[in-house]
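The values are calculated or read from the model by the stated rules, or taken from the named source; none is laboratory data. Since the model is a prediction, treat every value here as computed from it, not as a measurement. Neighbour counts are summed over all protein chains in view; Cβ atoms, including those assigned to glycine, are modelled from backbone coordinates with ideal geometry.
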């Protein structure tokens, strides 16, 4: 028995666009970090802690940007594959419509 697979390509494309926006936000070099503003916050001990925190944030942002990039690398072929399959199915249906009569109906009553 055939299975029907429904894929919302528009939802996948929107997911791809969202992942790109989020990845770019994490990878953005213009993001102001606590490390950049550390000198403005007070005593040296606080400044040192703010710098450490800023370094940790930057590392986490870079890792999250990499992870999001990996998700995009996995998602893009899925979208491409389903679009290709959809196009091929559409072509085969239009080719069959012009050249080939429809298949006979499934099993049913047989006249004897």
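Quick notes
- Evaluating residue 48 against the criteria (1) loosely packed, with under 13 Cβ neighbours inside 10 Å; (2) at pLDDT 80 or above leaves one unmet condition, (2).
- Selection of first residues in the range 40-58 that are in a loop (DSSP other than H, G, I, E, B) and of second residues that are surrounded by 11 or more Cβ atoms within 10 Å (Cβ to Cβ) and modelled with pLDDT under 80, restricted to Cβ pairs under 6 Å at least 6 apart or on distinct chains, gives the following pairs, ordered by first then second residue: 41/50.
- Any hit, the range 69-76, residues being modelled with pLDDT under 85, exposed (fewer than 12 other Cβ atoms within 10 Å of the Cβ) and assigned to a helix (DSSP H, G or I): no
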